[in-house]
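Quick notes on the structure that follows.
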Amino acid sequence: MGEGWSEDLVSVGRLLVAYVLGLPVGWEREQLARTPGLRTFPLVALGSCAFVLLGATTFDQNADAQARVLQGLLAGIGFIGGGAILKGQHDVAGVSTAVGVWITAGIGVATAYGHYILAVALSLFTLATLHLLRTPKDAEAWRNAAQDDEASSDE
């Protein structure tokens with residue numbers, strides 16, 4: 001195997017790490033029946049990692065070009081996150097999910113650049129914030145999900 005193969009294997013490893021670190025955030029959102037959920041978050045991490053890896057290898061020594069890749073990525077992620085936010089007449093919903101999508105992109109970027117400790121920390125802090133800092137409406141969603149699980153297991 002040549003040098004290109006070893007670089008590709010490192011990239012595939014980084015993609016796998018990004019995907020795995022995005023899963024817990026998606027799982028947490030899925031448990032509350034929030035959308036986007038389980039599939040979206042690891043894919044955001046995976047895609048973010050992939051685009052940064054492609055930018056880093058394509059524009060090897062050009063920091064300006066790599067910065068433009070990051071700008072485009074963050075604009076696209078902002079668009080996805082914006083779609084998760086719903087404004088009602090008296091409230092706004094989906095902001096935590098939108099921020100979760102944004103941070104999950106950060107997990108992918110950190111992983112692409114080999115900052116694994118940062119990527120793990122982002123995943124853990126995001127999961128802890130979403131899971132431990134529950135609001136009354138989150139508690140209600142958890143209760144409803146548990147009741148739905150019980151009802152489906154009785155059938």
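Every number in this text was worked out from the coordinates using simple rules, so none of it is lab data. Everything numeric in this text was worked out from a predicted model, so none of it was measured. Positions of Cβ are backbone-derived with ideal geometry, glycine not excepted, and every protein chain shown enters the neighbour counts.
Counting neighbouring Cβ atoms within 10 Å and putting the fewest first, the residues 57, 126, 104 line up as 57, 126, 104. Computed from the C-alpha gyration tensor, the three semi-axes of the ellipsoid equivalent to region 31-82 are 27, 12, 5 Å, from longest to shortest.
State whether region 1-109 is rounded, prolate or oblate according to the following rule on the C-alpha gyration tensor (a ≥ b ≥ c being the square roots of its eigenvalues): a/c under 1.5 gives rounded; otherwise a/b larger than b/c gives prolate, and the remaining case gives oblate.
Note, shape of region 1-109 comes out oblate.
In a fully extended conformation the segment linking residue 120 and residue 92 would gain 7.1 nm over its present Cα-Cα distance, using 0.36 nm per residue.
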